[in-house]
There are 2 protein chains.
Amino acid sequence: MTDDQRSGCPINLTLEVVGDKWSLLVIRDMMFGNRRHFRELLTKSEEGISSNILADRLKTLLDQGIITRDDDPSHKQKGIYSLTEQGIELLPILAQMSGWGFKYLPVSEELGIRAKLLSEGGPKMWAEFMDELRETHLGAKRRRKAGPSVGERLQAAYERAVAKKGKR
Amino acid sequence: MTDDQRSGCPINLTLEVVGDKWSLLVIRDMMFGNRRHFRELLTKSEEGISSNILADRLKTLLDQGIITRDDDPSHKQKGIYSLTEQGIELLPILAQMSGWGFKYLPVSEELGIRAKLLSEGGPKMWAEFMDELRETHLGAKRRRKAGPSVGERLQAAYERAVAKKGKR
DNA sequence: TCAAACCACTTGTATATTGCAACTAGTTGC
DNA sequence: GCAACTAGTTGCAATATACAAGTGGTTTGA
């Protein structure tokens, strides 16, 4: 990867950082699937990323300040990847992509349910979810709201959709 | 380009359609720079796309229903590319990317000014701009608002920034 | 204590995509 | 009729990606 940029346009610069077919999927899995280890990201992704590509993307995202890596105290070889504030703020981009894809592309039922909820929830729900991510990834204190978190609600809806599909 | 998809996830599907380094830049130029012809897109882009890549991306975007192509009555060889409703609705994704890039990446002053305005304007401004795009690209009738359009305001701000830079 | 499983990657190689420059085939304006 | 303009295409080199196998080390459990 070279350092020279094509232009100073914000959209172009953003695309140079996350405008490939894998980076945003890794971020997505960290956000919505709470994958924090290399092995989790490698084996639990829907799309089947290869290990060399994953290693390369994690390195780039580290260099860009979108994620950080810490040693896992429970296992000398494990690393824990966390989103930075900059990474967490990619959520609105993912949410908009998710909404657009849900509206116009052949999304599967069980994977579309989260997109639907996130789209209906709008910016307010996104902000709440970002606060939850700040808690899990940055250790930020958060004023607890009543009822299940956004993350829990999305996960529960997904599991209901999977169960429903299995019954058919 | 093959037809098989990696997964039915809306984010993944969106990335498979516009998740490369050029497609969204072409859309950006059509939206914000009002480039409608092949030659305009080719020569007036900040980043310098090559003609084979541009031809390929326009074909893909046509296939995907994001743009349409009509013959230009003034010139037998010219085609006019227009955004479809599906293409126009990519604006919020571009706006979010623009805002994120403006906040975190080394954006140039004259190209950042539009990002700043768009970010400050928020979803309400985006909706207004999308209405303007529906007028120019889809021929939709629109209730005129008082004062300059969003497109005009963005363009004027950009030109002021360029003029200011030139004086230094 | 030792083998099997697990961990985060790296390496090698085939294939696909991209970037660059030149070229084609036709149209328009003077 | 010719120069400039139009939308692309072609050939080739450089780069990125995909897939399978391997590396060096750690943990688990009998």
Response to the item:
Of those in the range B:38-52 that are under 19 Å from A:Gln5 (Cα atoms), of a type outside the set (Ser, Thr, Tyr) and exposed (fewer than 15 other Cβ atoms within 10 Å of the Cβ), the residue farthest from DNA strand D (Cβ to nearest atom) is B:Gly48
Item to complete: Restrict the check to the range A:71-86 and report whether at least one residue is closer than 29 Å to A:Arg160 by Cα, more than 16 Å from DNA strand D (Cβ to nearest atom) and surrounded by fewer than 21 Cβ atoms within 10 Å (Cβ to Cβ).
Response: yes
Worksheet item: Before we move on, is B:Arg114 at pLDDT 95 or above, away from DNA strand C (no atom under 16 Å from the Cβ) and farther than 28 Å from A:Leu25 by Cβ?
Response: yes
Discussion item. Looking at A:Ile27, A:Ile113, can you tell me which residue is within 16 Å of DNA strand D (Cβ to nearest atom) and either of a type in the set (A, V, I, L, M) or surrounded by 19 or more Cβ atoms within 10 Å (Cβ to Cβ) (or both)?
Written reply: A:Ile27
Worksheet, complete the sentence: The condition of being loosely packed, with under 13 Cβ neighbours inside 10 Å and within 13 Å of chain B (Cβ to nearest Cβ) holds, among A:Pro106, A:Pro92, only for A:Pro106
Item to complete: Look at the range B:59-70 and say how many of its residues are surrounded by 17 or more Cβ atoms within 10 Å (Cβ to Cβ) and touching a strand residue (DSSP E or B) at 6+ places or on another chain (Cβ under 9 Å).
Response: 3
Discussion item. With farther than 30 Å from A:Ser45 by Cβ and within 12 Å of chain A (Cβ to nearest Cβ) as the only criterion, which of B:Gly87, B:Gly48, B:Gly101 stands out?
Written reply: B:Gly48
Worksheet, complete the sentence: Over the range A:13-32, the set of residues at the interface with chain B (Cβ under 9 Å from one of its Cβ atoms) and of a type in the set (Asp, Glu) is A:Glu16, A:Asp20
Discussion item. So, A:Lys21, is that one surrounded by fewer than 20 Cβ atoms within 10 Å (Cβ to Cβ) and under 27 Å from B:Leu25 (Cβ atoms) or not?
Written reply: yes
Worksheet item: Going by the conditions given, is A:Phe129 surrounded by 14 or more Cβ atoms within 10 Å (Cβ to Cβ) and either more than 14 Å from chain B (Cβ to nearest Cβ) or farther than 18 Å from B:Gln96 by Cβ (or both)?
Response: yes
Fill in: Residue satisfying condition, being under 23 Å from B:Gly19 (Cβ atoms) and under 18 Å from the mean Cα position of the chain (by Cα), within set B:Ile67, B:Ile113
B:Ile67
Item to complete: State yes or no: is B:Arg35 surrounded by fewer than 22 Cβ atoms within 10 Å (Cβ to Cβ), within 13 Å of DNA strand D (Cβ to nearest atom), more than 8 Å from chain A (Cβ to nearest Cβ) and within 11 Å of the chain's Cα centre (by Cα)?
Response: yes
Discussion item. Against the definition (within 26 Å of A:Gln5 (Cβ to Cβ), among the acidic types (Asp, Glu) and crowded, with 17+ Cβ neighbours inside 10 Å), how does B:Asp56 come out, yes or no?
Written reply: no
Worksheet item: Any idea which of (1) modelled with pLDDT of 95 or more; (2) within 10 Å of another protein chain (Cβ to nearest Cβ) is the one A:Thr43 doesn't satisfy?
Response: (2)
Response to the item:
Flagged in the range B:1-30 as within 16 Å of B:Gln86 (Cα to Cα), in contact (Cβ under 8 Å) with a residue 12 or more places away in the chain and not in a helix (DSSP H, G or I), in numbering order, are none
Discussion item. I'd like the residue in the range B:132-147 that is aliphatic (A, V, I, L, M) and either more than 25 Å from B:Ile27 (Cα to Cα) or under 13 Å from the mean Cα position of the chain (by Cα) (or both) and, out of all such residues, is surrounded by the fewest Cβ atoms within 10 Å (Cβ to Cβ).
Written reply: B:Ala146
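The values are calculated or read from the model by the stated rules, or taken from the named source; none is laboratory data. The structure displayed is predicted, hence computed values, not measured ones. All Cβ positions, glycine included, derive from the backbone under ideal geometry; neighbour counts span all protein chains shown.
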